[in-house]
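What follows is one structure encoded as structure tokens, with my remarks underneath.
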Amino acid sequence: MTKYVVSVPVTVICLVVLVFGIGCDSDAKTGAVAGGAVGAGTGAIIGHQSGKTGQGALIGGAIGAGTGLLIGNAQDKKKHETATPAKSEKQDAANIVTVNITNSNGSFTPVKLTKQGENNYVGPKGEVYDHLPSEAELKPVYGF
């Protein structure tokens, strides 16, 4: 039966890495710390088989930290990409005003105006109004 023994210094190093990694504020940092800890432990076990526990822990820790950093960095980028559009969509929605135009057949045509600055509104065809236009002002352009 094979007996796996990890030296005390390697165990202490792994525990220190884990403790300092608890407060990481990004997936990249967390991934690097977790990968480093797992890699160091695995490297120590593998290195022990060849009589080089310390070297195995260092090599495994470096490989694990690098891999964890790459994976965590990709997750951070994905979070940032998905979070950014949501904010701009909310800001855009807050600056859009819809005026319903009553058509000659009784139906409605919604006209979305985008507010720019203090008093300017831009219509769907690019026309600029220096005030919020009324239904009567928009009907000749968008109604039927």
Filtered residues of segment 17-33 (kept if in a helix (DSSP H, G or I) and modelled with pLDDT under 75): VAL17, LEU18, VAL19, PHE20, GLY21, ASP27, ALA28, LYS29, GLY31, ALA32
Is there a residue in segment 96-105 that is surrounded by fewer than 12 Cβ atoms within 10 Å (Cβ to Cβ), over 16 Å from VAL141 (Cβ atoms) and polar (S, T, N, Q)? yes
Those residues of segment 63-81 that are modelled with pLDDT of 80 or more, more than 10 Å from ALA32 (Cβ to Cβ) and among the aliphatic types (A, V, I, L, M) come to a total of 1
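The values are calculated or read from the model by the stated rules, or taken from the named source; none is laboratory data. Note that the coordinates shown come from a computational prediction; the quantities given were computed from them, not determined experimentally. When we count neighbours, we look across all protein chains shown, and the Cβ atoms used for this are built from the backbone with ideal geometry, even at glycine.
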